[in-house]
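*Asks:* Below is a structure I'd like to ask you about.
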Amino acid sequence: MPDIIEAFGLVKHYGEVKALDGLDISVPEGTILGLLGPNGAGKTTAVSILTTLTMPDAGSATVAGADVLKAPGEVRKRIGLSGQYVAVDEHLTGFENLDMIGRLYRLGKSRSVARARELLERFNLADAGDRPVKTYSGGMRRRLDLAGALVAESPVLFLDEPTSGLDPRSRIELWAIIQDLVSRGTTLLLTTQYLEEADRLADDILVIDQGLAIAHGTADQLKAMVGGERIEVTVGEGEVDAAARVLRQFAVGEIQSDQRNRHLVVPVSGGAPVLTQALRSLDAERIEVRDATLRRPTLDDVFLTLTGHGAEESMDEVMEAAS
Amino acid sequence: MNRVTTALADGAIIAKRNLIKIKRVPEVLMFVLISPIMFVLLFAFVFGDSIDIPGGSYREFLIAGIFAQTVVFGATFTGAGLADDMQKGIINRFRSLPMSRAAVVLGRTASDVVYNVLSLIIMALSGLVVGWRIHDGILNALTGFGLLLLFAYAISWIMAYIGLIVPSVEVINNAGFMVIFPLTFIANTFVPSENLPTVLRVFAEWNPVSSVTQAARELFGNIPAGAPEPTAWSLQNPILYSLIWVVIIIVVFAPLSVRRYRTMAHRR
């Protein structure tokens, strides 16, 4: 299938900061690309260049057949954007916000009104639709913002960290909406720093760090890159270092240990028998094991392996609460 | 649709959106309307008897000056509105939509005319209460109000440009005051410019706020019979001189503002 989003060598510097340093992006029609990276990796800059909000210092891009630099007006007719920060007018009602966007997309009065009502219904905002947005919760604003991106049923959608700042329940609701959307054939570029989110939603994942792509593939391909499994154990008070010494013999890579939570992650290969052996060894050293699991690598492991630093530590806790 | 009609149609959508805010947050309107009343009363009663206008009444002299000052101050609303839109991020949504690149600024300057019309009505009413009268027919008076609005509209474009440059709403308010205070005080708004020291007098005479005020005074019939003829060309032809400024300001600042809107860096 042809690529509906294509970008070559995007460079953008903000003073000394290199937000993008030669990024290539390609998204086949009807698929979801997850742009994954920590804060400051350049995700938002990439989205704002592709949506014509920002001019790149170098590079070129086309979206839905229109050149981002030469025909930005054409690009804007073919895209929907929901930015990192909610961009709705809080003095208008939910309906007025969507209706305004519809008219600015030139849907005409009756289509614009019908579309606004339809989206409010679909995003579970019908009851609140005639209340000023000021009275909405964070999750409701986020849904309205996302609905704004869908008003014109554009063939290409850009969602920049669509679930950032949402509580776990709203996040799961939003995931369902996004999945439904894509099943209807929309092409989607989604940025996220949540590994589970990219894993769950994206066909293809582009991992970026400091303005550069460092890996590209499906979630499974990326996981295969780091190989093997992970043993995770939680040990007793003051036993983390001792446990790390014992577990070193089983590790096929670097052990990550977290003193505060007394938690260790050990990359291994060999599956369940390795876990059994590891637990026996810990027991032999009289190290108290409070919890132990064997798991397949996650995207967080991919990130650690590729960059040497985690995507965002604190997010793990939120994601655990969500799932 | 061609570019002009697209800009007007989209501008109307944005203006409507801005005006809904008046309905939803009436407090803003209260403030806009109360401050002119306060100005009229303060100047009329505090300075009313201490400043002597040969052959006329200070209160009549004063009102056109307050009109001019208030509508020029009203223009900061334009800048504040745009700075607020930027701060809240909604400008980025507009910039990603296939709408006219002039519409956001055009709509904002247009909706602010409504604010200024309302504050002129309120000021005229409070002026009538403290003794101001129209002496030269309603048609002339309406022309005077029209000129005040047109001038305020031009200033709106300057403020729009500033609003799109500054990083926050607070800055626009301070920046606005820094420009507008000298502009409205070193003028014939509150005292006759003949009484000012030379440097200030020349500035005041060629200050467009003075010519607008002078034009409004003439059109309201508020120039006292014995008042000295102005010596500067700008005040001898205040309507023409004011209109020249209106044109210059719009011709310079409208393209500047629209270009700024088109090319502004995305806030990260």
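Every read-out reported here was derived from the displayed coordinates using simple, explicitly stated rules and does not represent laboratory data. If you're wondering where the values come from, they're calculated on a predicted model, not measured in any experiment. Here the Cβ positions follow ideal geometry from the backbone for every residue, glycine too, while neighbour counts run over all protein chains shown.
*Asks:* Just to be sure I follow the rule: in the protein assembly as shown, considering lysines 8 or more places apart or on different chains, how many pairs have Cα atoms under 15 Å apart? Walk me through the numbers on the way to the answer.
*Replies:* Values: A:12/A:43; A:18/A:43; A:109/B:16; A:134/B:21; A:134/B:23; A:134/B:88; B:21/B:88.
Lysine pairs satisfying the spacing and distance rule in the protein assembly as shown number 7.
*Asks:* Another question about this same structure. Taking 8 Å as the Cα distance limit and 6 or more residues as the minimum spacing, I'd like the relative contact order of segment A:31-84 as a percentage.
*Replies:* Numbers: 39 pairs, mean separation 13.5, N = 54.
That works out to 25 percent.
*Asks:* Then there is this: Over chain A, calculate the relative contact order: mean separation of alpha carbon pairs under 8 Å at least 6 apart, over the residue count, as a percent.
*Replies:* Details: 633 pairs, mean separation 61.4, N = 323.
Relative contact order comes out at 19 percent.
*Asks:* How many percent of Cα pairs in segment B:140-199 exceed 14 Å? Please list the in-between numbers first.
*Replies:* On the way: 1208 of 1770 pairs.
The answer is 68 percent, as a whole percent.
*Asks:* Same structure again: Shape of the protein assembly as shown from its Cα gyration tensor (a ≥ b ≥ c, root eigenvalues): rounded if a/c is under 1.5, otherwise prolate when a/b > b/c, or oblate?
*Replies:* Values: a/c = 2.95, a/b = 2.51, b/c = 1.17.
In terms of gyration-tensor shape, prolate.
*Asks:* With a ≥ b ≥ c the root eigenvalues of the C-alpha gyration tensor of segment B:125-268, is it rounded (a/c under 1.5), prolate (a/b larger than b/c) or oblate? Please report the intermediate quantities before stating the final value.
*Replies:* Values: a/c = 2.11, a/b = 1.86, b/c = 1.13.
Prolate, because a/c is 1.5 or more and a/b exceeds b/c.
*Asks:* Moving on to the next point. Report the dimensions of segment A:167-235 along its three principal axes from the alpha-carbon atoms, largest first, rounded to Å.
*Replies:* 41, 32, 23
*Asks:* Along Cα→Cβ, 7 Å out, is where each label goes; now give me the distance between the ones at residue B:194 and residue B:181 in nm to one decimal.
*Replies:* The modelled label-to-label distance comes out at 3.0 nm.
*Asks:* Convert each backbone phi in segment A:267-273 into a coupling constant with the Karplus relation 6.51 cos²θ - 1.76 cosθ + 1.60 (shift: θ = phi - 60°), then list the ³J(HN,Hα) values in order as whole Hz, x for Gly and Pro.
*Replies:* Values per residue, Gly and Pro as x: x, 9, 9, x, x, 3, x Hz.
*Asks:* Does segment B:172-212 come out rounded, prolate or oblate by the C-alpha gyration tensor, with a ≥ b ≥ c the root eigenvalues, rounded set by a/c under 1.5 and, if not, prolate when a/b is larger than b/c and oblate if not? Walk me through the intermediate numbers first.
*Replies:* On the way: a/c = 2.45, a/b = 2.10, b/c = 1.17.
Because a/c hits 1.5 or more and a/b exceeds b/c, segment B:172-212 counts as prolate.
*Asks:* Residue farthest toward the positive end of the dipole of chain A, with Cβ of Lys/Arg at +1 and Asp/Glu at -1: which of A:222, A:126, A:53?
*Replies:* Of the candidates, A:126 comes out farthest on the positive side.
*Asks:* Report, to the nearest 10°, how far helix A:109-122 tilts away from the longest principal axis of the Cα atoms in chain A, using its own Cα long axis and a range of 0 to 90°.
*Replies:* 20
*Asks:* Just the Cα atoms of segment A:71-212, one point each, no solvent: what log10 I(q)/I(0) does Debye give at q = 0.18, 0.21 Å⁻¹?
*Replies:* Each listed q corresponds, in turn, to -1.06, -1.38.
*Asks:* Follow-up. I'd like the orientation of helix B:208-220 relative to chain B: the angle between its Cα long axis and the longest Cα principal axis, in ° from 0 to 90, rounded to 10.
*Replies:* Orientation of helix B:208-220: about 60 degrees from the principal axis.
*Asks:* Can you compute the charge dipole magnitude of chain A about its Cα centre, using +1 on each Lys and Arg Cβ and -1 on each Asp and Glu Cβ, nothing else charged? Give it in debye, rounded to the nearest 20. Before the final figure, lay out the partial values.
*Replies:* Details: 34 positive and 49 negative charges, 199 e Å.
Charge dipole of chain A: 960 debye, to the nearest 20.
*Asks:* Rounding to the nearest 10 and keeping the result within 0 to 90°, find how far the Cα-based axis of helix A:168-183 lies from the longest principal axis of chain A.
*Replies:* Tilt of helix A:168-183: around 60 degrees.
*Asks:* Still on this structure, please answer the following. Can you compute 3J(HN,Hα) from phi for each residue in segment A:15-27, using the Karplus curve 6.51 cos²θ - 1.76 cosθ + 1.60 with θ = phi - 60°, rounded to whole Hz and x for Gly and Pro?
*Replies:* Using θ = phi - 60°, the values come out as x, 7, 7, 8, 6, 10, 10, x, 8, 9, 9, 9, 10 Hz.
*Asks:* What's the Kirkwood radius of chain B in Å, using all Cα pairs? Intermediate values should be presented prior to the final figure.
*Replies:* Details: mean 1/r = 0.0520 Å⁻¹.
For chain B, the Kirkwood estimate is 19.2 Å.
*Asks:* Around residue B:88, with a cut-off of 9 angstrom between Cβ atoms, what is the net charge of the other residues, counting Lys and Arg +1 and Asp and Glu -1?
*Replies:* Working: positive: none; negative: A:89, A:90, B:84, B:85.
Overall, the nearby charge balance is -4.
*Asks:* Right, next: Cut-off is 10 Å between beta-carbons; in what order do A:248, A:262 appear when sorted fewest neighbours first?
*Replies:* On the way: A:248 10, A:262 19.
Ordered by Cβ neighbours within 10 Å, fewest first: A:248, A:262.
*Asks:* Which loop-located trypsin sites (Lys or Arg not before Pro) does segment A:166-218 contain, where loop means any DSSP state but H, G, I, E or B and the Cβ has at most 15 other Cβ atoms within 10 Å? It would help to have the intermediate numbers written out before the result.
*Replies:* Details: sites: A:169, A:171, A:184, A:200; in loops: A:184.
Within segment A:166-218, the qualifying trypsin sites (Lys or Arg not before Pro) (loop, at most 15 other Cβ atoms within 10 Å) are A:184.
*Asks:* Within 10 Å of each Cβ of A:79-90, how many other protein chain Cβ atoms are there on average? Mind showing how you got there, number by number?
*Replies:* Details: counts 3, 2, 5, 2, 6, 3, 5, 4, 10, 4, 9, 5.
Mean partner-chain Cβ count within 10 Å for A:79-90: 5.
*Asks:* Let me ask something else. By count of other Cβ within 10 Å, fewest leading, how are B:38, B:99, A:225 ordered? Write down the numbers at each step before the final one.
*Replies:* Details: B:38 11, B:99 24, A:225 14.
Starting with the residue having the fewest Cβ neighbours, the order is B:38, A:225, B:99.
*Asks:* For chain A, what is the largest minus smallest coordinate of the Cα atoms on each principal axis, given in angstrom and ordered from greatest to least?
*Replies:* The principal-axis extents, from largest down, are 76, 45, 38 Å.
*Asks:* Shifting gears a bit: Would you mind counting up the charge near residue B:32? Only other residues with Cβ under 13 Å from its Cβ, with Lys and Arg at +1 and Asp and Glu at -1. Each step should come with its number before you reach the end.
*Replies:* Numbers: positive: B:21; negative: B:27, B:112.
Neighbourhood net charge equals -1.
*Asks:* Okay, next question. Restricting to DSSP H runs of at least four residues, report the calculated mean residue ellipticity at 222 nm for the protein assembly as shown, -39500 (n - 2.57) per run over all residues, nearest 500 deg cm²/dmol. Walk me through the numbers on the way to the answer.
*Replies:* Numbers: 24 runs with 324 residues, N = 591.
The helix contribution divided over the protein assembly as shown gives -17500 deg cm²/dmol.
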